[in-house]
Each structure stands twice: as C-alpha cells, then as structure tokens.
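Since the structure comes first, as structure tokens, the remarks are kept for the end.
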Amino acid sequence: MKSQIKIIEVQHKIGKVIEYCRKREKLTQEELAERIGSSRPTISNIENGKVANTNSILKIFKYFDILQDLDAFYESLLKRLEEEKGVKEINFYE
C-alpha cells in the first residue's frame with residue numbers, strides 16, 4: 001500500500017512555492033495581495049500552510065504562471081487514466 005501524504009503537508013508545500021515565487025519577484029505579501037485582489041493576512045496564511053480559499057491559491061498560481069502547470073498535470077493524469085483504465089474524461093459533476 002502506498003504511503004499517504006497528509007493534506008497539511010501539501011498545504012505547506014503550496015505555501016512554500018508561493019513564498020518562493022513572491023520573494024523571487026521581490027514582492028511583499030501586501031503587494032501580492034493587491035495584485036490578486038486579496039489581503040495580506042490571506043497571503044500570510046497561505047504561505048504558512050493554513051487553510052485558504054482555493055480561488056485565492058488559483059489566482060496566485062495564475063499570477064506566477066503556475067496555473068498552466070496544473071492544467072498540464074490534469075491532461076497528463078487524464079492520458080494516464082485513459083491508457084490504464086480506458087477513461088476518456090473525468091466528470092467532476094457526478
């Protein structure tokens with residue numbers, strides 16, 4: 001059985017990626033918040049791995065051009081599922 005990654009671990013990793021991108025662009029948390037229409041506490045919470053609104057995370061990913069990587073992952077996952085199990089689409093609304 002595969003070891004299970006914990007949600008909190010993923011939240012921290014997402015936060016670290018966002019913090020790295022923000023610092024690489026030499027932005028403060030306040031500046032990033034303004035650019036995505038959010039607040040500094042929201043950015044701080046995300047960077048610290050705390051619960052955050054998915055929409056805020058996706059806006060940050062879009063701002064830093066990470067969103068297309070997520071889309072590419074989705075396409076890769078769908079291709080793998082099609083090859084392994086014959087799945088041609090994922091219906092998120094079932």
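The values are calculated or read from the model by the stated rules, or taken from the named source; none is laboratory data. Given the structure is predicted, the values throughout are model-derived calculations rather than measurements. Reconstructed Cβ throughout: ideal geometry from the backbone, glycine too, with neighbour counts over all protein chains shown. Side chains included, ligands, DNA and RNA excluded: accessible areas come from the protein's heavy atoms. Shrake-Rupley method; radii C 1.70, N 1.55, O 1.52, S 1.80 Å.
Computed values, structure above
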quantity	calculated
Residue within the range 59-75 that is in contact with a Ser or Thr (Cβ under 9 Å, 6 or more places away or on another chain) and on the phi < 0 side of the Ramachandran plot present	yes
First in the range 1-28 and over 13 Å from residue 60 (Cα atoms), second anywhere and open to solvent by 100 Å² or more (accessible area, probe 1.4 Å) and modelled with pLDDT under 90, Cβ under 9 Å, 6 or more apart	11/51
